[in-house]
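Q: Submitted below is the structure of interest, expressed as C-alpha coordinates.
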Amino acid sequence: NAGVTQTPKFQVLKTGQSMTLQCAQDMNHEYMSWYRQDPGMGLRLIHYSVGAGITDQGEVPNGYNVSRSTTEDFPLRLLSAAPSQTSVYFCASSFQGGTEAFFGQGTRLTVV
Amino acid sequence: KNEVEQSPQNLTAQEGEFITINCSYSVGISALHWLQQHPGGGIVSLFMLSSGKKKHGRLIATINIQEKHSSLHITASHPRDSAVYICAVNGNQFYFGTGTSLTVIP
(Lines give C-alpha, C1' and ligand atoms only; values in the text may rest on other atoms or scores of the structure.)
Protein backbone atom coordinates (compact mmCIF):
# COMPACT_ATOMS: atom_id res chain seq x y z
CA ASN A 1 0.00 0.00 0.00
CA ALA A 2 1.90 3.04 -1.25
CA GLY A 3 -0.72 5.70 -0.45
CA VAL A 4 -0.56 8.69 -2.80
CA THR A 5 2.37 8.79 -5.20
CA GLN A 6 3.07 12.15 -6.81
CA THR A 7 5.79 12.84 -9.35
CA PRO A 8 8.03 14.64 -10.06
CA LYS A 9 9.21 16.23 -6.81
CA PHE A 10 10.91 19.16 -8.54
CA GLN A 11 10.53 20.65 -12.01
CA VAL A 12 11.77 23.72 -13.82
CA LEU A 13 9.95 24.77 -16.97
CA LYS A 14 10.39 27.53 -19.47
CA THR A 15 7.44 29.80 -20.20
CA GLY A 16 5.21 28.17 -22.79
CA GLN A 17 6.32 24.60 -22.15
CA SER A 18 3.79 21.96 -21.20
CA MET A 19 4.07 19.17 -18.67
CA THR A 20 2.05 16.65 -16.71
CA LEU A 21 2.18 16.11 -12.96
CA GLN A 22 1.35 12.54 -12.09
CA CYS A 23 -0.75 11.40 -9.14
CA ALA A 24 -1.67 7.83 -8.32
CA GLN A 25 -3.33 6.24 -5.30
CA ASP A 26 -3.85 2.59 -4.41
CA MET A 27 -6.53 2.98 -1.74
CA ASN A 28 -9.56 2.87 -4.08
CA HIS A 29 -10.48 6.42 -3.11
CA GLU A 30 -13.27 8.04 -5.10
CA TYR A 31 -12.22 11.62 -4.43
CA MET A 32 -8.97 13.00 -5.84
CA SER A 33 -7.91 16.60 -6.05
CA TRP A 34 -5.08 18.94 -6.98
CA TYR A 35 -4.04 21.99 -4.97
CA ARG A 36 -1.48 24.68 -5.28
CA GLN A 37 0.22 26.21 -2.26
CA ASP A 38 1.57 29.73 -2.44
CA PRO A 39 3.26 31.77 0.31
CA GLY A 40 0.76 33.41 2.65
CA MET A 41 -2.19 31.55 1.18
CA GLY A 42 -3.91 28.33 2.08
CA LEU A 43 -3.98 25.44 -0.33
CA ARG A 44 -6.23 26.34 -3.21
CA LEU A 45 -8.21 23.80 -5.16
CA ILE A 46 -7.38 23.55 -8.86
CA HIS A 47 -9.46 20.59 -10.04
CA TYR A 48 -11.09 17.63 -8.41
CA SER A 49 -12.73 14.34 -9.30
CA VAL A 50 -15.36 12.28 -7.51
CA GLY A 51 -14.79 9.19 -9.60
CA ALA A 52 -13.49 7.81 -12.88
CA GLY A 53 -14.76 9.85 -15.81
CA ILE A 54 -15.88 12.76 -13.61
CA THR A 55 -13.88 15.94 -13.11
CA ASP A 56 -14.76 19.46 -12.06
CA GLN A 57 -13.12 22.82 -11.59
CA GLY A 58 -12.01 24.21 -8.30
CA GLU A 59 -11.10 27.73 -7.26
CA VAL A 60 -8.13 28.29 -9.62
CA PRO A 61 -8.55 26.06 -12.71
CA ASN A 62 -7.26 28.36 -15.46
CA GLY A 63 -4.21 27.03 -17.27
CA TYR A 64 -4.67 23.47 -16.00
CA ASN A 65 -6.39 20.38 -17.35
CA VAL A 66 -7.18 17.08 -15.67
CA SER A 67 -8.62 13.73 -16.61
CA ARG A 68 -9.67 10.69 -14.60
CA SER A 69 -9.68 7.64 -16.82
CA THR A 70 -9.14 5.25 -13.90
CA THR A 71 -9.88 5.33 -10.19
CA GLU A 72 -6.16 5.23 -9.42
CA ASP A 73 -4.74 8.04 -11.57
CA PHE A 74 -5.43 11.77 -11.70
CA PRO A 75 -2.83 13.63 -13.78
CA LEU A 76 -2.62 17.43 -13.89
CA ARG A 77 -1.56 19.02 -17.15
CA LEU A 78 -0.09 22.46 -17.59
CA LEU A 79 -0.83 23.39 -21.18
CA SER A 80 1.44 26.41 -21.59
CA ALA A 81 3.36 27.19 -18.44
CA ALA A 82 3.45 30.75 -17.13
CA PRO A 83 5.56 32.27 -14.32
CA SER A 84 2.32 32.72 -12.32
CA GLN A 85 2.13 28.92 -12.11
CA THR A 86 5.32 28.78 -10.06
CA SER A 87 4.08 27.08 -6.91
CA VAL A 88 4.08 23.91 -4.88
CA TYR A 89 1.45 21.44 -6.06
CA PHE A 90 -0.18 18.74 -3.95
CA CYS A 91 -2.38 15.88 -4.98
CA ALA A 92 -4.76 14.40 -2.41
CA SER A 93 -7.22 11.54 -2.22
CA SER A 94 -9.91 10.36 0.14
CA PHE A 95 -13.16 8.48 0.32
CA GLN A 96 -16.23 10.65 -0.14
CA GLY A 97 -18.04 12.13 2.83
CA GLY A 98 -15.65 13.41 5.46
CA THR A 99 -12.87 10.87 5.73
CA GLU A 100 -9.15 11.23 6.23
CA ALA A 101 -7.30 12.79 3.32
CA PHE A 102 -3.97 11.51 2.09
CA PHE A 103 -1.53 13.83 0.38
CA GLY A 104 1.26 13.31 -2.10
CA GLN A 105 4.74 14.58 -1.31
CA GLY A 106 4.30 17.71 -3.38
CA THR A 107 5.86 19.05 -6.58
CA ARG A 108 7.87 22.24 -6.46
CA LEU A 109 7.42 23.81 -9.89
CA THR A 110 9.35 26.82 -11.11
CA VAL A 111 8.45 28.49 -14.40
CA VAL A 112 11.13 30.80 -15.77
CA LYS B 1 -13.51 35.02 1.30
CA ASN B 2 -11.85 32.74 3.83
CA GLU B 3 -13.97 29.79 4.82
CA VAL B 4 -11.31 28.75 7.35
CA GLU B 5 -9.43 31.14 9.62
CA GLN B 6 -6.49 30.12 11.78
CA SER B 7 -4.71 31.91 14.57
CA PRO B 8 -2.02 32.72 15.27
CA GLN B 9 -0.22 32.84 11.94
CA ASN B 10 3.17 32.46 13.60
CA LEU B 11 4.06 31.08 16.99
CA THR B 12 7.38 30.73 18.78
CA ALA B 13 7.55 28.72 21.98
CA GLN B 14 10.15 27.47 24.41
CA GLU B 15 10.60 23.74 24.68
CA GLY B 16 8.15 22.33 27.20
CA GLU B 17 5.47 24.99 26.75
CA PHE B 18 1.81 24.22 26.17
CA ILE B 19 0.71 25.39 22.74
CA THR B 20 -2.75 26.13 21.35
CA ILE B 21 -3.64 26.79 17.73
CA ASN B 22 -7.16 27.90 16.88
CA CYS B 23 -9.35 27.34 13.84
CA SER B 24 -12.72 28.88 12.99
CA TYR B 25 -14.79 28.02 9.95
CA SER B 26 -17.88 29.43 8.31
CA VAL B 27 -19.25 26.57 6.20
CA GLY B 28 -21.22 23.48 7.04
CA ILE B 29 -18.85 20.56 7.42
CA SER B 30 -18.82 16.81 7.74
CA ALA B 31 -15.35 16.74 9.28
CA LEU B 32 -12.42 18.91 10.30
CA HIS B 33 -8.80 17.96 9.79
CA TRP B 34 -5.56 19.03 11.39
CA LEU B 35 -2.58 18.60 9.09
CA GLN B 36 1.16 18.96 9.67
CA GLN B 37 3.67 20.16 7.11
CA HIS B 38 7.39 20.14 7.81
CA PRO B 39 9.70 22.53 5.91
CA GLY B 40 10.25 21.23 2.40
CA GLY B 41 8.11 18.24 3.22
CA GLY B 42 4.79 16.75 2.44
CA ILE B 43 1.54 17.06 4.35
CA VAL B 44 0.40 14.47 6.84
CA SER B 45 -2.92 14.14 8.57
CA LEU B 46 -2.81 14.43 12.37
CA PHE B 47 -6.49 14.27 13.22
CA MET B 48 -9.90 14.04 11.64
CA LEU B 49 -12.75 15.22 13.88
CA SER B 50 -16.48 15.43 13.53
CA SER B 51 -17.24 15.98 17.22
CA GLY B 52 -15.67 16.09 20.67
CA LYS B 53 -12.01 15.51 21.28
CA LYS B 54 -9.18 13.26 20.11
CA LYS B 55 -5.76 12.65 21.64
CA HIS B 56 -2.64 11.21 20.09
CA GLY B 57 0.47 11.29 22.25
CA ARG B 58 1.13 14.92 23.18
CA LEU B 59 -1.39 16.25 20.66
CA ILE B 60 -5.01 16.96 21.49
CA ALA B 61 -7.66 18.23 19.07
CA THR B 62 -11.09 19.49 20.03
CA ILE B 63 -14.04 20.70 18.03
CA ASN B 64 -17.19 22.64 18.95
CA ILE B 65 -19.65 22.16 16.11
CA GLN B 66 -22.12 24.75 17.43
CA GLU B 67 -19.45 27.44 17.63
CA LYS B 68 -17.70 26.27 14.43
CA HIS B 69 -14.37 26.25 16.19
CA SER B 70 -11.54 23.80 16.74
CA SER B 71 -8.31 23.89 18.69
CA LEU B 72 -5.10 21.92 18.41
CA HIS B 73 -3.09 21.64 21.61
CA ILE B 74 0.48 20.43 21.99
CA THR B 75 1.57 19.56 25.49
CA ALA B 76 5.25 19.62 26.53
CA SER B 77 6.30 21.03 23.15
CA HIS B 78 9.56 19.84 21.59
CA PRO B 79 11.75 21.26 18.78
CA ARG B 80 10.66 18.40 16.53
CA ASP B 81 7.11 19.83 16.72
CA SER B 82 8.33 22.80 14.65
CA ALA B 83 6.21 22.74 11.51
CA VAL B 84 3.26 24.40 9.83
CA TYR B 85 -0.09 23.23 11.18
CA ILE B 86 -3.01 23.50 8.81
CA CYS B 87 -6.71 23.33 9.61
CA ALA B 88 -8.94 22.00 6.84
CA VAL B 89 -12.65 21.26 6.65
CA ASN B 90 -14.78 18.97 4.51
CA GLY B 91 -17.60 21.12 3.17
CA ASN B 92 -18.77 20.45 -0.36
CA GLN B 93 -15.03 20.40 -0.99
CA PHE B 94 -11.94 20.75 1.16
CA TYR B 95 -11.26 24.25 2.48
CA PHE B 96 -7.90 25.06 4.03
CA GLY B 97 -6.64 27.62 6.49
CA THR B 98 -3.41 29.45 5.70
CA GLY B 99 -1.55 27.57 8.39
CA THR B 100 0.20 28.34 11.66
CA SER B 101 3.98 28.28 11.55
CA LEU B 102 5.26 26.90 14.87
CA THR B 103 8.87 27.15 16.00
CA VAL B 104 9.85 25.47 19.25
CA ILE B 105 13.16 26.68 20.64
CA PRO B 106 15.31 24.34 22.76
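Q: Please determine, by comparing only the residues of segment A:28-40 that are over 8 Å from the mean Cα position of the chain (by Cα) and either within 13 Å of chain B (Cβ to nearest Cβ) or within 20 Å of B:Asn92 (Cβ to Cβ) (or both), which one is surrounded by the most Cβ atoms within 10 Å (Cβ to Cβ).
A: Result: A:Met32.
Q: Among the residues of segment B:23-32, which ones are surrounded by 17 or more Cβ atoms within 10 Å (Cβ to Cβ) and facing chain A (nearest Cβ under 8 Å)?
A: Once the filter is applied, which keeps residues that are surrounded by 17 or more Cβ atoms within 10 Å (Cβ to Cβ) and facing chain A (nearest Cβ under 8 Å), segment B:23-32 yields B:Ile29, B:Ala31.
Q: Before we move on, is B:Gly97 at the interface with chain A (Cβ under 10 Å from one of its Cβ atoms) and more than 12 Å from the chain's Cα centre (by Cα)?
A: no
Q: Can you tell me which residue within segment A:59-87, out of those that are out of contact with any Phe, Trp or Tyr (no Cβ under 9 Å at 6 or more places or on another chain) and crowded, with 20+ Cβ neighbours inside 10 Å, is farthest from the other protein chains (Cβ to nearest Cβ)?
A: Per the criteria, the residue is A:Ala81.
Q: Quick check on A:Leu43: is it in contact with a helix residue (DSSP H, G or I) (Cβ under 7 Å, 6 or more places away or on another chain) and buried (at least 19 other Cβ atoms within 10 Å of the Cβ)?
A: no
Q: Any chance segment B:74-87 includes a residue that's surrounded by fewer than 17 Cβ atoms within 10 Å (Cβ to Cβ) and among the hydrophobic types (A, V, I, L, M, F, W, C)?
A: There is at least one residue in segment B:74-87 that is surrounded by fewer than 17 Cβ atoms within 10 Å (Cβ to Cβ) and among the hydrophobic types (A, V, I, L, M, F, W, C).
Q: If you don't mind, there's one more thing I want to ask. Could you count how many residues in segment B:68-106 are part of a loop (DSSP other than H, G, I, E, B) and over 21 Å from A:Gly42 (Cβ atoms)?
A: Kept after step one, since they are part of a loop (DSSP other than H, G, I, E, B), are these residues of segment B:68-106: B:68, B:75-78, B:82, B:91-93, B:97-99, B:106.
Checking the rest, the ones that are also over 21 Å from A:Gly42 (Cβ atoms) come to B:75-78, B:106.
Total satisfying the criteria: 5.
Q: May I pose another question? Here are the criteria: (1) touching a residue at least 40 places away in the same chain (Cβ under 8 Å); (2) closer than 28 Å to A:Glu59 by Cα; (3) away from every other protein chain (no Cβ under 13 Å). Tell me which single one B:Asn64 does not satisfy.
A: The single condition B:Asn64 does not satisfy is (1).
Q: When you check A:Gln6 against the structure, is it modelled with pLDDT of 95 or more and among the polar types (S, T, N, Q), yes or no?
A: The answer is yes for A:Gln6.
Q: Go through segment A:89-112 and report how many residues are within 18 Å of A:Met32 (Cβ to Cβ) and either away from chain B (no Cβ under 13 Å) or of a type outside the set (Gly, Ala, Ser) (or both).
A: 11
Q: Which residues, taken from segment B:33-59, are more than 13 Å from the chain's Cα centre (by Cα) and within 8 Å of chain A (Cβ to nearest Cβ)?
A: Listed by number, the residues that qualify are B:Gly41, B:Gly42, B:Ser50.
The values are calculated or read from the model by the stated rules, or taken from the named source; none is laboratory data. If you're wondering where the values come from, they're calculated on a predicted model, not measured in any experiment. When we count neighbours, we look across all protein chains shown, and the Cβ atoms used for this are built from the backbone with ideal geometry, even at glycine.
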